[in-house]
Amino acid sequence: MPLDARIEAVTERIRARSRDSRSRYTDRMAALAEAGPRRAHLACGNQAHAYAAMGEDKAALAEGRAPNLGIVTAYNDMLSAHQPFERFPDIIRDAARAAGATAQVAGGVPAMCDGVTQGQPGMELSLFSRDVIALAAGVALSHNTFDAAVYLGVCDKIVPGLIIAAASFGHIPSVFLPAGPMTSGLTNDEKARVRQQFAAGEIGRDKLMEAEMASYHGPGTCTFYGTANTNQMLMEFMGLHLPGASFVNPNTPLRDALTTAGAQRALAITALGNEFTPVSDVLDEKAFVNGIVGLMATGGSTNLVLHLPAMARAAGVILDTEDFDEISGAVPLMAKVYPNGLADVNHFHAAGGLGYMIGELLDSGLLHPDTKTVAGEGLARYTEEPVLQDGTLAWRKGSGETLNDKVLRPVSDPFQATGGLKDLQGNLGRGVMKVSAVKPERHVIEAKARIFHDQVDVKKAFQAGEFTEDTVVVVRFQGPKANGMPELHSLTPVLAVLQDRGLKVALVTDGRMSGASGKVPACIHVCPEAANGGPIARLRDGDVVRVDATAGTLEAVGVDLSSRPLAEADLTANQFGLGRDLFEVFRQTAGDASAGAGVVV
């Protein structure tokens, strides 16, 4: 099937936009790769420090003839998704020794749990943790003793941060090793129902706690299709996982076999072998377009509209919000996974999962088939599924058909004709809206605005019964320069209650929503942000705001915003406490949300 003309046009536009930056990047990576394995250039004293604690592997490291694998790990047991990584270094070392090679933990990177910090001051560090992770991984690999790297990370900012680091060290191969989702617990729709009951004052905290603990109950990624699981999808669509690796549960024989195989594959594609595949060759324009296609086909997290441009910039590729909008218009929504449906990622995987989707999209010309991947040339390998046959890992052809059409459908019969992401522009600036979970009758909301500078004040107004008519809730001074751009996911139950009471409501913010946000229309990432002089800072209570996902507009109706002064907010409370004072330089230097809100890229 020839490539769809719309996908080709977007790719060519990205390629033209990125020509200079991508050329500079690939030239730098080629020069680094040409220098060869770096251990040969280290002095004996440098090497002795690097190998001092390596026991039985010392001799192999000193000889320098076999590849040395660097492990960058985001392990901690604060994140259920990352707790399984505790075992991975031993598995990887054993795999390396079996291949006549070596492996070392190069370093760890921080990994915060957004589920713990939602609605809390710590969430103001969350977005910037992506850049800290990139920096920490850069420090880990700066020892310059590694022929390839494997990255252990799953959740929200962790994978984007690791990708930025991997691109910076793009002259060596990189393989990402996931931990997999936790087994299914309390259904996601039941969890959402209990949260709304609590927000409405119908149940107490004891019942809420009981439901939450039944939802998040064991090791592995949270099972809804939020940012963490969207990251895992991206790694497969972009060719950085082994085929079918994303959604295999932790601590199972198949999961361990995939971890072993991932380490072995990283060793096989170093410059010391015959299949040299530096990650700079994998992370090209086509790979990022394939990732955006996957984002739209699965109805993935809006956080990736923020992260993908930052990830791409690290590889010299310049993405724009219009790319997401146009690809969304070309790619159908093939999956219904919570919050877009009732199923979780385990149900999605059982129904055929990513292998089925990739096969369908390839057959329909909606994916670039000729990308480089860590598994080899071309994306076709990613239509296969891993299995254990007599204890040995193998890949077999996928089912080729959906096994549950309530969860997963073919391109010819999708849940929606488009991917459900819209680029909104107008006199209030530019933002994005995820509409895949929003009913069509709510795609256009026009109502009086209520202006807030803190999500806590929205909740107070709700509890005081102040929302009695159709309302566009505007929460501003939530961008990266203002307070680090925290997610405002804790507003979802409140706004959903108002919507269920029959009111037309929408959210407009220069902040973020979580990958768990769903049925309430929300125009997010509005830029320029209020703290950077954006027109959203000129809005007043009572102004009529039109949020139109059909026409792609975001407008203050009948208002001359240019004649008004900019509102100011007291942001001093966001500058200190729980580490926030350490991030002042990040707030000062962060880029626009439309470019990824990056600090290091």
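Any chance you could count how many residues in segment 10-25 are loosely packed, with under 14 Cβ neighbours inside 10 Å and under 18 Å from E326 (Cα atoms)?
As a first pass, look at segment 10-25 and keep what is loosely packed, with under 14 Cβ neighbours inside 10 Å: 12, 16, 19-20, 23-24.
Add one more test, that the residue is under 18 Å from E326 (Cα atoms), and what stays is 12, 16.
Of the residues in segment 10-25, 2 are loosely packed, with under 14 Cβ neighbours inside 10 Å and under 18 Å from E326 (Cα atoms).
Output the residues belonging to segment 388-400 that are within 27 Å of the chain's Cα centre (by Cα) and either modelled with pLDDT of 95 or more or over 18 Å from I358 (Cβ atoms) (or both).
W395
Is at least one residue of segment 429-442 over 30 Å from L333 (Cα atoms) and at pLDDT 95 or above?
To start, the set of residues in segment 429-442 that are over 30 Å from L333 (Cα atoms) comprises none.
No, segment 429-442 has no match at all.
Checking the conditions here, which among G262, G239 is outside any helix (DSSP H, G or I) and open to solvent by less than 10 Å² (accessible area, probe 1.4 Å)? It would help to see each step written out before you state the result.
Numbers: G262 fails: outside any helix (DSSP H, G or I).
That would be G239, the only listed residue that is outside any helix (DSSP H, G or I) and open to solvent by less than 10 Å² (accessible area, probe 1.4 Å).
With the requirement that a residue be open to solvent by 40 Å² or more (accessible area, probe 1.4 Å) and either of a type in the set (F, W, Y) or in contact (Cβ under 8 Å) with a residue 60 or more places away in the chain (or both), what does segment 102-117 give you? Walk me through how you get there before you give the answer.
Applying the first criterion (open to solvent by 40 Å² or more (accessible area, probe 1.4 Å)) to segment 102-117 yields 105, 108, 110, 112, 115-116.
Of everything in segment 102-117, just one residue is open to solvent by 40 Å² or more (accessible area, probe 1.4 Å) and either of a type in the set (F, W, Y) or in contact (Cβ under 8 Å) with a residue 60 or more places away in the chain (or both), namely G115.
Conditions first: (1) in contact (Cβ under 8 Å) with a residue 24 or more places away in the chain; (2) surrounded by fewer than 23 Cβ atoms within 10 Å (Cβ to Cβ); (3) part of a strand (DSSP E or B). P493 passes all but one, so which condition is the exception?
Going through the list (1) in contact (Cβ under 8 Å) with a residue 24 or more places away in the chain; (2) surrounded by fewer than 23 Cβ atoms within 10 Å (Cβ to Cβ); (3) part of a strand (DSSP E or B), P493 breaks only (3).
Mind listing whichever residues of segment 399-443 are open to solvent by less than 20 Å² (accessible area, probe 1.4 Å) and in a loop (DSSP other than H, G, I, E, B)?
Answer for segment 399-443, where residues must be open to solvent by less than 20 Å² (accessible area, probe 1.4 Å) and in a loop (DSSP other than H, G, I, E, B): V407, G419, G420, L428, V435, S436, V438.
Of all residues in segment 171-215 being assigned to a loop (DSSP other than H, G, I, E, B) and touching a Gly at 6+ places or on another chain (Cβ under 7 Å), which is surrounded by the most Cβ atoms within 10 Å (Cβ to Cβ)? Please lay out each step first, then the result.
The initial filter retains those residues of segment 171-215 that are assigned to a loop (DSSP other than H, G, I, E, B), namely 171-173, 177-180, 182-187, 200-204.
After this cut, where a residue has to be touching a Gly at 6+ places or on another chain (Cβ under 7 Å) as well, the list is 177, 179-180, 182-183.
Working: L177: 28, A179: 31, G180: 27, M182: 24, T183: 15.
Per the criteria, the residue is A179.
Is it the case that segment 245-260 has a residue that's under 30 Å from D27 (Cβ atoms) and either at pLDDT below 95 or within 15 Å of the chain's Cα centre (by Cα) (or both)? Let's see the steps before the verdict.
Applying the first criterion (under 30 Å from D27 (Cβ atoms)) to segment 245-260 yields none.
Among the residues of segment 245-260, not one is under 30 Å from D27 (Cβ atoms) and either at pLDDT below 95 or within 15 Å of the chain's Cα centre (by Cα) (or both), which makes the answer no.
Are there any pairs with C-beta distances below 6 angstrom linking a residue in segment 184-212 that is over 16 Å from T223 (Cβ atoms) to a residue that is open to solvent by 50 Å² or more (accessible area, probe 1.4 Å), with the two at least 6 apart or on different chains, and if so which?
If the second residue must be open to solvent by 50 Å² or more (accessible area, probe 1.4 Å), the pairs left are L208/F198.
Conditions: (1) open to solvent by 30 Å² or more (accessible area, probe 1.4 Å); (2) within 30 Å of G341 (Cβ to Cβ); (3) of a type outside the set (G, A, S); (4) within 25 Å of the chain's Cα centre (by Cα). C523 meets all but one. Number of the miss?
Condition not satisfied by C523: (1).
Among the residues of segment 389-396, is any in a strand (DSSP E or B), within 22 Å of G291 (Cα to Cα), in contact with a strand residue (DSSP E or B) (Cβ under 6 Å, 6 or more places away or on another chain) and open to solvent by 30 Å² or more (accessible area, probe 1.4 Å)?
To start, the set of residues in segment 389-396 that are in a strand (DSSP E or B) comprises 389, 392-396.
With within 22 Å of G291 (Cα to Cα) added as a condition, the list becomes none.
Within segment 389-396, not a single residue is in a strand (DSSP E or B), within 22 Å of G291 (Cα to Cα), in contact with a strand residue (DSSP E or B) (Cβ under 6 Å, 6 or more places away or on another chain) and open to solvent by 30 Å² or more (accessible area, probe 1.4 Å).
Residue check, N76 against (1) in contact (Cβ under 8 Å) with a residue 40 or more places away in the chain; (2) of a type in the set (S, T, N, Q); (3) surrounded by fewer than 19 Cβ atoms within 10 Å (Cβ to Cβ), all met but one. Which one?
Evaluating N76 over (1) in contact (Cβ under 8 Å) with a residue 40 or more places away in the chain; (2) of a type in the set (S, T, N, Q); (3) surrounded by fewer than 19 Cβ atoms within 10 Å (Cβ to Cβ) leaves (1) as the failure.
The values are calculated or read from the model by the stated rules, or taken from the named source; none is laboratory data. Quick caveat: nothing in here was measured; it's all calculated off a predicted structure. No Cβ is skipped: glycine too gets one built from the backbone with ideal geometry, and neighbour counts run over all protein chains shown. Quick note on the areas: whole protein, heavy atoms, side chains included, nothing else; ligands and nucleic acids left out. Shrake-Rupley method; radii C 1.70, N 1.55, O 1.52, S 1.80 Å.
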